[in-house]
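Visitor: One structure, as structure tokens, below. Some questions next.
The values are calculated or read from the model by the stated rules, or taken from the named source; none is laboratory data. Values in this document were obtained by computation on a predicted structure and should not be read as measured data. Here Cβ is always computed from backbone atoms with ideal geometry, including for glycine, and neighbour counts include all displayed protein chains. Side chains included, ligands, DNA and RNA excluded: accessible areas come from the protein's heavy atoms. Shrake-Rupley method; radii C 1.70, N 1.55, O 1.52, S 1.80 Å.
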Amino acid sequence: MFTTFNEMVEIAKKRGPKRCVVACAEDFPTIEALYEAYREGIARGVLFGNKGKILEIMSQLKIDPSEFEIVDCATEKEAVSKAVREVAQNGDFLMKGQITTSNFLRGVLDDKLGLRGEQLLSHIALLQPALYHKILFVSDGGINVELDLKKKIEIVRNAINFVRSLGLSIPKVALLSAIERVNLNMQETLDWAVITRMGEEGTFGDCIIEGPLALDVAFSPQAAKVKKVKTQISGDVDILIVPSIATGNIMCKALQYLGGAKICGIIVGALKPVVMLSRSDTRETKLYSLSLGNIVS
Ligand code: COD
């Protein structure tokens, strides 16, 4: 398991280029990111979208179009459907271009296109915070908007399986809330208590799950001591499970913009991995996401 994003990029380079299928590729940052990944030997792009616009962007960026496969599509819907079908049949991973997240995800979720399996899809952010000694995984700050206990269980399962697939055999999981006790008026504390019990019963295999936990206890053994919380994971957590999409999204962006954390993210649970790059991502961040797509595909 890599402990920095630079190590992750190096692993991706060693694995060699993977076939990255892009939906709605007529987008400057997307094409720039792919070209960077192409030059680093991480990805080969198959681009679905408006070919005229894609060629125009490549010409402005002085990129040789012959380095890519380009499939002309008349509409956004056609580009998403064809890209999703292509990645399901022949691609290694899918990437979002110039399209809203929800329209993109609707294509990914369309069961006729062959990418959605039986599992819940969930988003996992990877962070390399300046003041932490390893990579932190946060889920789900990206997809699932209405959570019930069953979805929370699937989000936890997806995150644990994903981290294990990267080589971490016993992930340490904190189920986050504002407190460490069950409060009948705070739904996530009830759900976290159930999931912690399931973890103790072995439902998720080898891992240590604790919750509800407040963030200070998750990261500071001193805070745990003062609050008299018994914990085996304080100060060494791998996975943070957040109670809502908003808390997860805000936490990741706070760490990124105020704490200087490096970040990338992926959608798991589909039959192939899916990376979504934000327009505001830096060149470095885009390369991290594409490297992650390479490694997990
Ligand atoms: N995993 C598997 N199947 C799913 C999931 C999921 N996460 N979500 C929905 N489905 C299935 C449903 O069971 C149903 O069969 C079908 O897909 C449609 O479900 P709906 O009607 O709930 O789907 P939509 O189209 O209303 O919403 C799905 C979205 C993923 C588009 C929606 O939840 C959404 O917009 N999420 C937020 C995305 C976002 O804006 N993120 C911002 C941060 S990047």
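Visitor: Using alpha carbons only, how many degrees (0 to 90, rounded to 10) separate the axis of helix 76-90 from the longest principal axis of the chain?
Guide: On a 0 to 90 degree scale, this one is about 80.
Visitor: Which of rounded, prolate, oblate describes segment 133-200, given a ≥ b ≥ c as roots of the alpha-carbon gyration tensor eigenvalues and a/c under 1.5 marking rounded, otherwise prolate only if a/b is larger than b/c?
Guide: Details: a/c = 1.82, a/b = 1.55, b/c = 1.18.
Prolate, since a/c reaches 1.5 and a/b exceeds b/c.
Visitor: Okay, next question. Taking only Cα atoms, what is the 0 to 90° angle, nearest 10, from helix 149-165's long axis to the longest principal axis of the chain?
Guide: 70 degrees
Visitor: Which whole-Hz couplings ³J(HN,Hα) result when phi for each residue of segment 278-288 is put into the Karplus expression 6.51 cos²θ - 1.76 cosθ + 1.60, θ = phi - 60°, listed in order with x for Gly and Pro?
Guide: Along segment 278-288, the couplings run 8, 4, 8, 4, 7, 4, 5, 4, 5, 5, 4 Hz.
Visitor: Please report, as a whole percent, how much of the solvent-accessible surface of the chain comes from carbon and sulfur atoms (probe radius 1.4 Å). Write out the running numbers ahead of the final one.
Guide: Values: 7010 of 13630 Å².
So the carbon and sulfur contribution to the accessible surface is 51 percent.
Visitor: Classify segment 13-97 as rounded, prolate or oblate from the Cα gyration tensor: take a ≥ b ≥ c as the square roots of its eigenvalues, call it rounded if a/c is under 1.5, otherwise prolate when a/b beats b/c and oblate if not.
Guide: Values: a/c = 2.14, a/b = 1.09, b/c = 1.96.
Note, shape of segment 13-97 comes out oblate.
Visitor: Taking amide H atoms as placed 1.01 Å from N in the peptide plane, list the residues 5 or more away in sequence, or in a different chain, whose amide H sits under 5 Å from that of Val274.
Guide: Those lying under 5 Å, H to H, from Val274 are Leu94, Ile267.
Visitor: Mind ranking His123, His133 by accessible surface for me, highest first, 1.4 Å probe?
Guide: On the way: His123 35, His133 110 Å².
Largest accessible area first, the residues go His133, His123.
Visitor: Taking every pair of alpha-carbon atoms in the chain, give the share separated by more than 29 Å as a whole percent. Present the calculation step by step, with values, prior to reporting the outcome.
Guide: On the way: 15342 of 43956 pairs.
In whole percent, the long-distance tail amounts to 35.
Visitor: Would you calculate the volume per residue, in Å³, of the smallest convex hull containing every Cα atom of segment 1-40?
Guide: Values: hull volume 3.4 nm³, N = 40.
Spelled out: Cα convex hull of segment 1-40, divided by residues, is 86 Å³.
Visitor: To test your reading of the geometry: what angle, between 0 and 90 degrees and rounded to tens, separates the Cα axis of helix 5-15 from the longest principal axis of the chain?
Guide: Value to nearest ten degrees: 50.
Visitor: Among the aspartates and glutamates, which have Cα under 12 Å from the Cα of Lys53 when same-chain residues fewer than 8 positions away are ignored?
Guide: Filter leaves Glu26, Asp27, Asp72.
Visitor: Pick from Asp27, Asp191, Asp216: which residue has the top mean-square fluctuation in a GNM of the chain where Cα pairs under 10 Å get a spring?
Guide: Asp216
Visitor: Say the cut-off is 22 Å between C-alpha atoms; which of Lys152/Lys286; Lys172/Lys286; Lys112/Lys272; Lys18/Lys272; Lys152/Lys262 go over it?
Guide: Values: Lys152/Lys286 28 Å; Lys172/Lys286 27 Å; Lys112/Lys272 15 Å; Lys18/Lys272 12 Å; Lys152/Lys262 26 Å.
Cα-Cα > 22 Å for Lys152/Lys286; Lys172/Lys286; Lys152/Lys262; rest within.
Visitor: Could you do me a favour and compute the accessible area per residue for the chain, 1.4 Å probe, result in Å²? Let's see the in-between values first.
Guide: On the way: 13630 Å² over 297 residues.
With the other protein chains kept in place, the chain gives 46 Å² per residue.
Visitor: For the chain, what does the helix formula give at 222 nm: sum of -39500 (n - 2.57) over DSSP H segments with n ≥ 4, over the residue count, nearest 500 deg cm²/dmol? Mind showing how you got there, number by number?
Guide: Working: 11 runs with 126 residues, N = 297.
The per-residue figure over the chain is -13000 deg cm²/dmol.
Visitor: Continuing with this model, one more query. Between Asp111 and Ala246, what is the FRET efficiency for a Förster distance of 45 Å, r being their Cβ-Cβ separation, to the nearest 0.05?
Guide: Working: r = 28 Å, r/R0 = 0.61.
That gives a FRET efficiency of 0.95.
Visitor: So if the hydrodynamic radius of segment 205-266 is defined as the Kirkwood radius over C-alpha pairs, what does Stokes-Einstein give as its diffusion coefficient at 4 °C and 1.567 mPa s, in µm² per second?
Guide: Here the translational diffusion coefficient equals 99 µm²/s.
Visitor: Where in the chain is the longest stretch that carries no GluC sites (Glu not before Pro) classed as loop by DSSP and with at most 10 other Cβ atoms within 10 Å? Write out the running numbers ahead of the final one.
Guide: Working: sites that count: Glu118, Glu146, Glu201.
Counting at most 10 other Cβ atoms within 10 Å as exposed, the longest clean stretch of the chain is 1-117.
Visitor: Among all the aspartates and glutamates, which ones have a C-alpha under 14 Å from Lys225's C-alpha, if same-chain residues fewer than 8 places away are not counted?
Guide: Leaving aside aspartates and glutamates fewer than 8 places away in the same chain, those within reach of Lys225 are Glu180, Asp216.
Visitor: I'd like the distance separating the alpha-carbon centroids of segment 1-62 and segment 273-291, in whole Å.
Guide: Answer, in whole Å: 9.
Visitor: At 1.4 Å probe size, with no ligands or nucleic acids counted, give the accessible surface of Tyr132 in Å², nearest ten.
Guide: About 40 Å², rounded to the nearest 10.
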